[in-house]
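Working notes, beginning with the structure itself.
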Amino acid sequence: MTISPGRVSITSRQHQTDPVPPPGRHSPMPTTPSRPHTARPLPTTIWLPAPDQPDSAPAPGSVLPVWAIDKIRTEYAHRPDGAPAPLLKIHIRDTAPGMDVRTPCTTYPDASGGTTSGTPVLLAELHPDTIPAPDDAFSAVGSEMHGAMEDGWPGFFHRAHRLLAADGLLLLATRQRRDAGILTDRLGSLVACARTAGFRYLQHIVIAHAHPVGDWLVPAPPTDASPGVTHSDLVVLTAIHHA
């Protein structure tokens, strides 16, 4: 997203996890053979609040606004062949040893007032301050534990994988922050860490923090966001279990 005075226009934006876009001009006859195992482009979706949405920005300390969580419940917890899956939202404020004890969890009921059943959809809000800086490693340095017992992000992803059934969904919500005045994007490292634990990357969704007014978006950034950040990122992952 780019910002003009008082307005935002949406342009293409590339994250570390997004596939490289194809060239603007295509030749009918490729000059070089395609490489095997080349990743297919995955779509990036943009979610906007409704024009009459009163609270388009998240509350202080949160990553996602209420309207985005409601949309997640509709898009990912609903199952046409049965009762909707419960949505569990955890808010991760730190990744020090024993992080699970300090992580608050909210369970959302069915939006229509009915009952929920089955494996939950897990939504993890990652406060930008919990994401390692570019020069820091995601692994717990010096830790003798591995897998679900490991500290930090590797252990979190392994424990989340154990909680979810095959094809269960883990949604990561975070946003960029400034390190030494430079906006940093750590989505690629997060997704790589999740893949190591057994997750597959499905989708990247941009949550715009703005009010739509005509053909423009008026910025409504979170009060605790870094300067220039007018959106949050939602990454959809699915758990892979081998027989």
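Residue check, Thr74 against (1) open to solvent by 50 Å² or more (accessible area, probe 1.4 Å); (2) at pLDDT below 85; (3) out of contact with any Pro (no Cβ under 7 Å at 6 or more places or on another chain), all met but one. Which one?
Evaluating Thr74 over (1) open to solvent by 50 Å² or more (accessible area, probe 1.4 Å); (2) at pLDDT below 85; (3) out of contact with any Pro (no Cβ under 7 Å at 6 or more places or on another chain) leaves (2) as the failure.
Answer yes or no as to whether Val236 is farther than 13 Å from Leu64 by Cα and more than 18 Å from the chain's Cα centre (by Cα).
It is false that Val236 is farther than 13 Å from Leu64 by Cα and more than 18 Å from the chain's Cα centre (by Cα).
With Leu122, Leu126, Leu42 as the choices, which residue is closer than 26 Å to Thr223 by Cβ, aliphatic (A, V, I, L, M) and either surrounded by 12 or more Cβ atoms within 10 Å (Cβ to Cβ) or modelled with pLDDT of 80 or more (or both)? Steps first, answer last, please.
Working: Leu122 fails: closer than 26 Å to Thr223 by Cβ; Leu42 fails: closer than 26 Å to Thr223 by Cβ.
Selected residue: Leu126, the only one of Leu122, Leu126, Leu42 that is closer than 26 Å to Thr223 by Cβ, aliphatic (A, V, I, L, M) and either surrounded by 12 or more Cβ atoms within 10 Å (Cβ to Cβ) or modelled with pLDDT of 80 or more (or both).
Could you list all residues from the stretch 169-187 that are over 25 Å from Arg73 (Cα atoms) and either of a type in the set (D, E, K, R) or open to solvent by less than 30 Å² (accessible area, probe 1.4 Å) (or both)?
Initial filter on the stretch 169-187 (over 25 Å from Arg73 (Cα atoms)): 177-186.
Arg177, Arg178, Asp179, Thr184, Asp185, Arg186, listed by residue number.
Return the residue satisfying two criteria in turn: it lies in the stretch 92-118 and is among the polar types (S, T, N, Q) and within 19 Å of Ala194 (Cα to Cα), and of such residues it is modelled with the highest pLDDT. Step through it out loud before you land on a result.
Filtering the stretch 92-118 down to residues among the polar types (S, T, N, Q) leaves 95, 103, 106-107, 112, 115-117.
Narrowing further to those that are within 19 Å of Ala194 (Cα to Cα): 95, 103.
Values: Thr95: 75, Thr103: 86.
Checking each candidate, the answer is Thr103.
Would you be able to say whether some residue in the stretch 134-149 is modelled with pLDDT of 90 or more and either part of a strand (DSSP E or B) or touching a strand residue (DSSP E or B) at 6+ places or on another chain (Cβ under 7 Å) (or both)? Talk me through it step by step, then tell me what you get.
Applying the first criterion (modelled with pLDDT of 90 or more) to the stretch 134-149 yields none.
No, the conditions are met nowhere in the stretch 134-149.
The values are calculated or read from the model by the stated rules, or taken from the named source; none is laboratory data. Note that the structure is a prediction, hence the values are computed from the model and not measured. Because the Cβ atoms are built from the backbone with ideal geometry, glycine has one as well, and the counts that use them run over all protein chains shown. Areas reflect the complete protein model, heavy atoms only, side chains present, ligands, DNA and RNA absent. Shrake-Rupley method; radii C 1.70, N 1.55, O 1.52, S 1.80 Å.
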